[in-house]
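Note sheet for the following structure.
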Amino acid sequence: MISAARKNCLRAATAKNLLNMKRIVYWLLTLSALTLRAAETTNSVTMNLTNQTERATFGGGCFWCAEAIYQMLPGVKSVASGYAGGSVPHPTYEQVCAGTTGHAEVIQVEFDPQKTSFAKILETFWDVHDPTTLNRQGADAGTQYRSIILYHSPAQKEAAEKSKAAAQKNFPKPIVTEIVPLITFHKAEDYHQNYFRSNPNQGYCRAVIRPKVEKFEKQLKAEKK
């Protein structure tokens, strides 16, 4: 016969064992959850790094032309037309065209640095407009059409200055492109966005933009060979 005291001891030992088992199960579940969370965080960080993009902002005449060109450049995810470089907040197209805001017509390019570089963005910039004409591109005249690079970081500033010095060798006249910090990018009205693709038969698009687009298409094809 097992004494009452012995039974009590067994009951206490069994309860203690069950408690310890519950603790072990709890910690195993907690450890499993932490491991899963760490794996999810790692995957999230990796995905963010993979999907990370950069922005570049610059102007070289009519933003319709620049937008159409950069939409074709491999590695570019999006292009937005807008205004920057001036002092008037929330400017309208009419105000910028009047030349009283200090703003230039610019585009802001979002690109994947894994597929193209800021150096390539700048190289294309020098190729697709004339940076030696002050406040003018073709028939478009005024400070709103000036050549300008608005850098987002000290690294972009340094790259822009080096690129400008290198590009000067290709032009007989001095480059007049401004290199200034971006303060605020004001996105232009909706009807300016994706303009060439939305209005391919408009007079300005046929006469001015299409020849530039066709020339750039040939250049891209030649680079692939």
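The values are calculated or read from the model by the stated rules, or taken from the named source; none is laboratory data. Please read all numbers here as calculations on a predicted model, not as lab measurements. Cβ: placed from backbone, ideal geometry, glycine included. Neighbour counts: every protein chain shown. Note: areas computed on protein heavy atoms with side chains; ligands, DNA, RNA excluded. Shrake-Rupley method; radii C 1.70, N 1.55, O 1.52, S 1.80 Å.
Each residue of segment 163-174 is assigned a 3J(HN,Hα), and the resulting list reads 5, 4, 4, 5, 5, 4, 5, 9, 10, x, 9, x Hz, derived from the Karplus form 6.51 cos²θ - 1.76 cosθ + 1.60 (θ = phi - 60°), x at Gly and Pro. Could you tell me which of the pairs 162/224; 115/225; 157/224 are separated by over 24 angstrom between their Cα atoms in the structure shown? Pairs exceeding 24 Å: 162/224; 157/224.
The apolar share of the surface of segment 151-225, taken as the fraction of accessible area on carbon and sulfur atoms (1.4 Å probe, ligands and nucleic acids excluded), comes to 54 percent.
The distance between label points at residue 207 and residue 112 comes to 3.9 nm (points 7 Å beyond Cα on the Cα→Cβ vector).
Placing pseudo-labels 7 Å out from each Cα toward the beta carbon at residue 220 and residue 184 gives an inter-label distance of 3.4 nm.
Give, as a single signed number, the net charge of other residues whose beta carbon lies under 15 Å from the beta carbon of residue 135, with Lys and Arg counted +1 and Asp and Glu -1. Result for the neighbourhood of residue 135: -1.
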